[in-house]
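Reviewing the structure listed below.
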Amino acid sequence: MGEGNSVLPYLRRIRELREDNDLSQTQIAKLLNVEQRTYSDYESGRIRIPLDSMMILAKYYDVSMDYMCGLTKERGCYPEK
């Protein structure tokens, strides 16, 4: 089985962001160009989500990678320089 949400905060974040935006796993799987089952495995921690997929999700949800990884509670992206 996976590593658990308490160990990896990003698992909780990717699910919360999807649910907060009223999106299905199938919709996000299409965005990431993976099967729904694969995305389900990402959320559950059975498979580690690739970094490029995390970057796609951060951009899609307009949040920082720090937020996605659970390093901050601030959702916002960094300002453009």
Which ³J(HN,Hα) values in Hz, rounded to whole numbers, follow from the phi angles of the range 16-27 under the Karplus curve 6.51 cos²θ - 1.76 cosθ + 1.60, where θ = phi - 60° and Gly and Pro get x? 4, 4, 4, 5, 4, 9, 6, 10, 8, 4, 4, 5
Between residue 47 and residue 31, what length in nm is gained on full extension when 0.36 nm per residue of separation is reduced by their alpha carbon distance? 4.0 nm
Can you compute 3J(HN,Hα) from phi for each residue in the range 59-68, using the Karplus curve 6.51 cos²θ - 1.76 cosθ + 1.60 with θ = phi - 60°, rounded to whole Hz and x for Gly and Pro? 5, 4, 8, 6, 10, 7, 5, 4, 5, 4
Could you tell me whether the chain comes out rounded, prolate or oblate from its Cα gyration tensor? Rule is a ≥ b ≥ c as square roots of the eigenvalues, rounded for a/c under 1.5, then prolate if a/b exceeds b/c, otherwise oblate. oblate
Using a cut-off of 15 Å between beta-carbons, work out the net charge of the residues near residue 35 (Lys and Arg +1, Asp and Glu -1, residue 35 not included). +1
Residues with amide H under 5 Å of residue 47's amide H, sequence separation 5 or more or different chain, H placed in the peptide plane at 1.01 Å from N; which? 42
List, in order, the whole-Hz ³J(HN,Hα) value for each residue of the range 34-50 obtained from phi through the Karplus relation with A = 6.51, B = -1.76, C = 1.60 and θ = phi - 60°; use x for Gly and Pro. 10, 6, 4, 4, 5, 5, 4, 5, 4, 4, 7, x, 5, 10, 6, 6, x
If each DSSP helix of 4+ residues adds -39,500 (n - 2.57) and the sum is divided by the residues in the chain, what number results at 222 nm, nearest 500 deg cm²/dmol? -15000 deg cm²/dmol
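Where a number appears in this text, it was derived from the coordinates with a stated rule and is not lab data. Please read these numbers as outputs of a predicted model, since none were measured by experiment. Positions of Cβ are backbone-derived with ideal geometry, glycine not excepted, and every protein chain shown enters the neighbour counts.
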